[in-house]
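The values are calculated or read from the model by the stated rules, or taken from the named source; none is laboratory data. Small disclaimer: the values here were computed from a predicted structure and weren't measured. Virtual Cβ from ideal backbone geometry, glycine too; neighbours counted across all protein chains shown. All accessible areas refer to the heavy atoms of the entire protein, side chains included, with ligands and DNA or RNA removed. Shrake-Rupley method; radii C 1.70, N 1.55, O 1.52, S 1.80 Å.
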Amino acid sequence: MSGTTDEVKDKQMGRALVLPGDRIGSAEEFVPGHDTYVSGGNIYASTTGVVDIDPESRLASVIPRSNALPRVENGDVVVGEVVDIKENLVILALAFKKGYESRPLPELDATIHISNVKSSYVKDLKQMFSLRDIVRAKVIDARQMRLSTEPEDMGVIKAYCSSCTTPLVKKDGRLECPECKRTEMRKLSTYYGTGLV
């Protein structure tokens, strides 16, 4: 058999290869999933890949089969590392978009303005974030790459001690260093320490 391993596997499983704009099915018949869009009552592929239909939920998705980088859009959840903290801005180097963990984003920076950190007043960003923190955030302006950590599930998901760089452990709503016993504060995500993003 010729073709890549993925192509061979797709042929064996009977999955159809689609290109952006190819019709997958009717919106009455299926629920639109990842990498699809609805237009005129039909579901179309938004990327090159293979059709994947969940028989129970009737969810029609496209599994990408191209090297194209994922497009970041408003409402997407992204994960990145804090690389700088200014007076009113936190700057993140984005790693990936949720759902596309295996396809890293190209050197892409994004910002969280002090007004988008949480729903209550924030006086000092350095009490909410620290350099090297891993942050889960929601895209609120894809053109300007502005993010928000206001929802409870958004915020720091991994942090390191600012004294000895040991990963911090969550204890009674605070973070504690298991090595030097230092305690620190962050704008924590409900996902902190779970290993989930």
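Here are the numbers for the structure shown:
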{"item": "Odd one out for Pro104 among (1) within 19 Å of Ser189 (Cβ to Cβ); (2) without any contact (Cβ under 8 Å) to a residue 12 or more places away in the chain; (3) not basic (Lys, Arg)", "result": "(1)"}
{"item": "Among the residues listed as Gln127, Gln144, the single one being under 30 Å from Tyr44 (Cα atoms) and not small (Gly, Ala, Ser)", "result": "Gln144"}
{"item": "Residues that are surrounded by fewer than 17 Cβ atoms within 10 Å (Cβ to Cβ) and either in a strand (DSSP E or B) or touching an Asp or Glu at 6+ places or on another chain (Cβ under 6 Å) (or both), drawn from the stretch 78-90", "result": "Glu81, Val83, Asp84, Leu89"}
{"item": "Where a residue in the stretch 181-197 is free of Cβ contacts under 8 Å to residues at least 24 places away in the same chain and its partner, wherever it lies, is open to solvent by less than 70 Å² (accessible area, probe 1.4 Å) and in a loop (DSSP other than H, G, I, E, B), with Cβ under 6 Å and at least six apart", "result": "Arg182/Cys161"}
{"item": "Matching residues in the stretch 96-134 - criterion: being assigned to a loop (DSSP other than H, G, I, E, B), farther than 30 Å from Val62 by Cα, open to solvent by 30 Å² or more (accessible area, probe 1.4 Å) and hydroxyl-bearing (Ser, Thr, Tyr)", "result": "Ser119, Ser120, Tyr121"}
{"item": "Ala137 vs. criteria closer than 21 Å to Leu175 by Cβ, in a strand (DSSP E or B) and within 13 Å of the chain's Cα centre (by Cα)", "result": "yes"}
{"item": "Segments classed as strands (runs of 3 or more DSSP E), wholly inside the stretch 149-197, with at least 2 members that are over 15 Å from the mean Cα position of the chain (by Cα)", "result": "169-171, 174-176"}
{"item": "Residues of the stretch 13-41 satisfying the condition of being open to solvent by 60 Å² or more (accessible area, probe 1.4 Å), in a strand (DSSP E or B) and either at pLDDT below 85 or closer than 14 Å to Pro64 by Cβ (or both)", "result": "Leu17"}
{"item": "Positions within the stretch 148-197 being open to solvent by 70 Å² or more (accessible area, probe 1.4 Å) and hydrophobic (A, V, I, L, M, F, W, C), in sequence order", "result": "Val169, Met185, Leu196"}
